[in-house]
Amino acid sequence: IDYLSQGVDLSGIEVIENDLLFIARARLEVENQAKRLLEQGVETQNPTQVGTALQVFYNLGTLKDTIVNVVDGYCTVLEENIKNALDIKVLTQPSQTATRGGPGRAAMPTPGNTAAFRAALWTNMEKLMDQICAACGQVQHLQKVLTKKRDPVSHVCFIEEILKDGQSDILYKFWMAVTETLSSQFQSATDSSMFLKQAFEGEYPKLLRLYNDLWKRLQQYSQNIQRNFSTSGTTDLFAELQQMEEDTQDIFMQKSQDYDPEKALKDSLQQYEAAYLSKSLSRLFDPINLVFPPGGRNPPSSDELDSIIKTIASELNVAAVDTDLSLAVAKNVAKTIQLYSVKSEQLLSTQGDASQVIGPLTEGQRRNVAVVNSLYKLHQSVLKVITNQSSFPAAAEQTITTALKAVYDLMGSAVQPLLNSVGDSVEAIIITMHQEDFSGSLSSSGKPDVPCSLYMKELQGFIARVMSDYFRHFECFDFVFDNTEAMAQRAIELFIRNASLIRPLGEGGKMRLAADFAQMELAVAPLCRRVSDLGKSYRQLRSFRPLLFQTSEHIASSPALGEVIPFSIILQFLFTRAPPELKSPFQRAEWSIARYSQWLDDHPSEKDRLALIRGALEAYVQSVRTREGKEFAPVYPIMVQLLQKAMSTLQ
C-alpha cells in the first residue's frame, strides 16, 4: 500500500477515503504495538519479542529511524538521571516540604548537615550507576538482536540496514554520548558547588570504586547476554541464531586502536584524581615535616615514626580499590620515603669525630647511630605494610622497594666512615707483627713461650672494644653483621698476607705463628654471626696453618693450592725458606711491607701478582750467574715448578 501511494496524491477520491483513513490508523496501531513489544522485550531481555518488533519496523521501512529514536531516548533519560543525582538543591534539602530559598541564595549544606549531605550524595551516585548499567544492558541487548536477526525474505541482516549510511555501531555511539554527558555534567556541577567538588576530591577512591564496579557489571552483563542468547526458546529466532557463527564480541565494547571505552568512562574523573593525589601527598609529607623541624638535631621518636607509618598504611589501603590508583599512591609513598631519607641525611655528622675509634661514643657518633636506627625502623615497618597489602600490584611494590633500597644504601653510607676507621686500625695492628721476632728456635719444652703474640692480643682487645663501644648500639643486627663480616674477611686476608711475608721464620716462630692462627679465629669472632660463615676466608685461615710445618715439596702438592689458597700467597711464603740472596718481591723492589701490601690491594689479579714474583725469581737467577754460583737454593726449582703450574691454570 505504501508503495502504491508513494509520489501520488490520492486525497479527495471519495471511494478510497475511508480505506486511506483505516490504513493510516492501522499503520499507527501496528507501530504502537511494535513499540510496546520492543520496549517490553528489551526490558525483560526477551530476544524473541525484540526480534518480532524489529521485523515489523523493518517491514514498515522505519527500522533505522526507530532505533535512532530509541537510543536517543535512553541518552535523554540518563542525562536527566545524572542531573538529578548531582542536584545540589535536592541534596541539601532536609525534606521535600522545605521552603524554597530566596532568589540568589546559594544552595549549600548547613554546618551540621555535611554528613547527611554526603550520605545522600553517595546514595544518589549508587542509584545513578544502577541506572547507567540498566540502560547499557538494554542498548546492548538491542544491538545483539540486530546483529543476529535477518529478514526471512531478503536475508538482509538488520545491523547492515542500520550501518548502511556509515552509521557507527549503536552501542559505541550510545556509550560515547553517556561518557560525554557524565564528563560535562560532573564538570559543571562541581564548578558551581564547592561541596560537590570537595566530596568528589576528598572521597575520590569511593567514586572510583563505583565506576570500577559499574565497568565490572557491564562486562559480566555482556557475558550473561551471550549465555541467554544460546539458551533462549525454540522460536524461529533461536534457529536463526544457531545458524549464525558464535559472536566473538562477548565482552562489553572491545578496546580498539583509537578508542578505549573504559578509559572514556574514567576520563570524567581525572580532575578529581589529580586533586586527591595532591592532597594524599600532603597528608604523607606533613607528619615528616613536623618531626624534622628546621635546625632540629635528633631523628623522630618511635611514636612519631609510628604515626608516619600509619599514614602510609592508611593511604595505601584506601587506594587499594584500583590498580592505577594504587600505583599512583605508591609513587607518593616512594617520594615520602625519599623525603624521610633526605631529612635524616641532613642530621648525620660527617666531622672527624664521627669516625674516631679511640675514645667512647662522641655526640656526633651517638646521633649517627640514632639516625641509622630510625632509618632501619622505617625500612622494616614499610616492608611490613607492603607485605600486609592484599593483591598489591607488582609495579607498585617495585616502586616502594626501590625507594627502600635507597634507605638501606643511606644506612650503609652513614656507617662507612666508622667502618673505614676500624678497618684502618685493624690493618695497622696486624702489620706490627713484623716488629716482633719470629726467628727463634724451639724452646726445650717444645711449646711456645706465650699463647699468642702481642699484636694478636692487641687486635683481640681492639675488636672486642669496637663492637661493645660502637656497634652494639645499632638495633639492626643483620645490617651491622653484613658490614662487619666483610671487615672480618678483610682482616683474615691481611693476616694471612702478612704472616706469609715474615722472614726469617724459625721453628719457635712457626709454633707461635700457628698459635696466632688459632687466636685469629677468636679475634674476628665478635665481627660475625659464626666464624664459619666467612666462607673462603675462613677456609684459607684453616688450610694455611698446617702448611707452616710441612716441607716445601709437600706444600707444592697440597690440594688446597689454587682451590682455597691463591698460588701467589704460597709462593710468597716459600721465599721465607730461601737464602737471603733470593729476595722477596718487595725486597727486590726496595719497598716497605706496608707499600707492598698497598700494591697487592691495587693489583687483585693473580696474573699481576705472579708476574712480580717471576721477576724476583729471574733476578735471583741473574745474581747467581753473575757470581758464577754452581747451584740454586733447594726451594728454587719447587718455586719455578709451582709458578708454571699457576700460570697454566690462568690460561
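The values are calculated or read from the model by the stated rules, or taken from the named source; none is laboratory data. Note that the structure is a prediction, hence the values are computed from the model and not measured. Note: ideal-geometry Cβ built from the backbone for every residue, glycine included; neighbour counts use all protein chains shown. Side chains are part of the model used for accessible areas, which takes the heavy atoms of the whole protein and leaves out ligands, DNA and RNA. Shrake-Rupley method; radii C 1.70, N 1.55, O 1.52, S 1.80 Å.
Brief remarks follow.
- Of the solvent-accessible surface of the chain, computed with a 1.4 Å probe and all protein chains present, 53% belongs to carbon and sulfur.
- Solvent-accessible surface ranking, highest first, for D516, D409 at 1.4 angstrom: D409, D516
- In Å², nearest 10: area of V70 left accessible to a 1.4 Å probe: 40 Å²
- Exposure rule at most 16 other beta-carbon atoms within 10 Å, DSSP loop GluC sites (Glu not before Pro): the chain longest free segment: 1-244
- C-alpha long axis of helix 394-431 to longest principal axis of the chain, angle in °: 10 degrees
- Y221 accessible area, 1.4 Å probe, all protein chains in place, Å² to nearest 10: 60 Å²
- Cα centroid separation, region 274-339 to region 592-651 (Å): 62 Å
- Options S468, Q49, S154, ranked by Cα towards positive dipole end of the chain, top entry (Cβ charges): S468
- Region 413-430-region 68-84 distance, computed between alpha-carbon centres (Å): 77 Å
- Sum of side-chain charges, P580 neighbourhood, beta-carbon under 15 Å (Lys, Arg +1; Asp, Glu -1): +3
- Averaged over its residues, the chain has an accessible area of 52 Å² per residue, based on protein heavy atoms and a 1.4 Å probe.
- Region 472-479 - phi-based ³J(HN,Hα) in whole Hz, Karplus 6.51/-1.76/1.60, Gly and Pro as x: 6, 6, 7, 8, 9, 4, 4, 4
- Pairs beyond 26 Å (Cα-Cα), from K127/K148; K89/K263; K310/K405; K255/K279; K83/K216; K263/K405: K127/K148; K89/K263; K255/K279; K263/K405
- All other residues whose Cβ lies under 13 angstrom from that of A633 are scored, Lys and Arg at +1 and Asp and Glu at -1, for a net of +1.
- Shape of region 552-598, Cα gyration tensor, a/c cut at 1.5: oblate
- Cα shape, the chain, gyration tensor, a/c 1.5 rule: prolate
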